[in-house]
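The structure appears below as C-alpha cells.
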Amino acid sequence: MDAIKLVKKAEQEAEQLIMSAKAEANEQIEAARKKAEEEFRAIYDKAVNEANELKTEAEKEGEELAMPLLNSGKDISEKLDNISDTALEKAASIIVERIVKSDGNS
C-alpha cells in the first residue's frame, strides 16, 4: 500500500509541476506578446515621425522652388494691372490694323 501512496503522491506532484510549468509558460508568452507590442509601437511611431519630417521637408523644398515662379507671375500680373487704358486701346488698334492689312481689306 505504501507503494500505491507513493505513486499517487508522485502523480500529484507531477501534475502540480505540469500545471506550474503551463502557468509559467503562459506568463512568459504574455510578457513576450506585450514586449513585441511595445517594440512594434515604438518602431511604428518612429516611422510615422520620420515620414512627417520628410513630408515637412518636401513641402518646404517645394515652396522654395515655387517661390521664384510665384514672384515672377506676381510681377507680370502687377505690370499688366498697371497698363493704362490708353496703352491698351493703342495695342488693340495696332492688332486690328495688322489683321485688316494682312487680310487685304484696308
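Numbers for the structure displayed
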| item | result |
| --- | --- |
| Selected residue (only one of ALA23, ALA47 is free of Cβ contacts under 8 Å to residues at least 24 places away in the same chain and over 35 Å from the mean Cα position of the chain (by Cα)) | ALA23 |
| Test: SER72 is modelled with pLDDT under 95, part of a helix (DSSP H, G or I) and either within 40 Å of the chain's Cα centre (by Cα) or of a type in the set (Gly, Ala, Ser) (or both) | yes |
| Unique match (being part of a helix (DSSP H, G or I), exposed (fewer than 10 other Cβ atoms within 10 Å of the Cβ) and either at pLDDT 95 or above or not β-branched (Val, Ile, Thr) (or both)) among GLU38, GLU78 | GLU78 |
| Failed item, numbered, when GLU64 is tested on (1) at pLDDT 85 or above; (2) surrounded by 10 or more Cβ atoms within 10 Å (Cβ to Cβ) | (2) |
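The values are calculated or read from the model by the stated rules, or taken from the named source; none is laboratory data. Predicted model only: the values in this text are computed from it and were never measured. Ideal geometry is used to build each Cβ from the backbone, glycine not excepted, and the neighbour counts take in all protein chains shown.
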